[in-house]
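Take a look at the structure below.
The values are calculated or read from the model by the stated rules, or taken from the named source; none is laboratory data. Because the structure is predicted, anything quoted here is derived from the model rather than measured. Note that we place each Cβ from the backbone using ideal geometry, even for glycine, and neighbour counts take in every protein chain shown.
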Amino acid sequence: MAGETQNYHETRNPITQTADYSQVTLSTTSKSIMSVTADLPGSPLQVPVQGYWQIGKKWHIRLFGKATTGTTPGNLTIEVRYQTGTAVTDAGGTILATSGAVAMGASKTNASWFMDVTIESRAQIGTASGLFAKGYFITDPTTGLVASTATPIFIPTTAAAAVNVDTTLASYINVQWKRSGSTAETVTVQDVQVNAIT
């Protein structure tokens, strides 16, 4: 009908995942939970073109994986980041949303976890355009990866708001974790889904 806006559901190439993503050893600084070298070129978290984040564009990201902790893991913090350029760096880019620091259980092996995140554009494409990110993290309370009273973990815990970033450039959405303890915790992404829902 004349005058109506045409909308469509974006189709992305299938993710050609044949195995788990590379295991990542956590640190006290933020680390991408999907390897920044082998896994990310052509990653499902890579924005397909420059100037992609038109107002109203929204991604729904689901991640499933496993984590192992040492004897003093400390607290877990989860971040959703926006990074520009052609490569992703640990602790790089702009944090769109971050969880609170939640105590991790000690000496856990291959504990399953699940994350559900959405990112949406709330401004026209530009050098300082708002992206709004929110989500949650859950783990089975019987594993003790985090205390049963702490799950789900909301991202962010409070004060959700759009964050201005440069959406004119090639970019990545990047999920990063860090721990505050002194032992070698690891995380492995086993499945990732990205759905452009508007």
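Here Gln176 meets each of (1) crowded, with 17+ Cβ neighbours inside 10 Å; (2) under 21 Å from His60 (Cα atoms); (3) in contact with a Leu (Cβ under 9 Å, 6 or more places away or on another chain) with one exception, condition (3).
For the residues Asp140, Asp166, the requirement of being of a type in the set (D, E, K, R), over 13 Å from the mean Cα position of the chain (by Cα) and farther than 21 Å from Thr188 by Cβ singles out Asp166.
Based on this model, can you work out whether Leu96 counts as modelled with pLDDT of 95 or more, in contact with a Leu (Cβ under 6 Å, 6 or more places away or on another chain) and either assigned to a loop (DSSP other than H, G, I, E, B) or surrounded by 22 or more Cβ atoms within 10 Å (Cβ to Cβ) (or both)? Spelling it out, Leu96 is indeed modelled with pLDDT of 95 or more, in contact with a Leu (Cβ under 6 Å, 6 or more places away or on another chain) and either assigned to a loop (DSSP other than H, G, I, E, B) or surrounded by 22 or more Cβ atoms within 10 Å (Cβ to Cβ) (or both). Taken over segment 92-139, the criterion of being among the charged types (D, E, K, R) and under 23 Å from Lys58 (Cβ atoms) is satisfied by Asp116, Glu120, Arg122, Lys134. Beta carbons closer than 6 Å, at least 6 apart along the sequence or on distinct chains, pair a first residue in segment 89-110 that is farther than 18 Å from Val187 by Cα with a second that is aliphatic (A, V, I, L, M) and assigned to a strand (DSSP E or B) for Thr94/Val165; Leu96/Val80; Leu96/Leu131; Leu96/Ala133; Leu96/Val163; Ala97/Val80; Ala97/Ala133; Ala97/Ile155.
Checking Gly144, Gly130, Gly181, Gly135 one by one, the residue that is assigned to a loop (DSSP other than H, G, I, E, B) and surrounded by 18 or more Cβ atoms within 10 Å (Cβ to Cβ) is Gly181 and no other. Restricting segment 75-88 to residues that are part of a loop (DSSP other than H, G, I, E, B) and either crowded, with 17+ Cβ neighbours inside 10 Å or not small (Gly, Ala, Ser) (or both), the residue that is modelled with the highest pLDDT is Val88. Scanning segment 56-74 for residues being assigned to a loop (DSSP other than H, G, I, E, B) and either modelled with pLDDT of 95 or more or charged (D, E, K, R) (or both) gives a total of 7.
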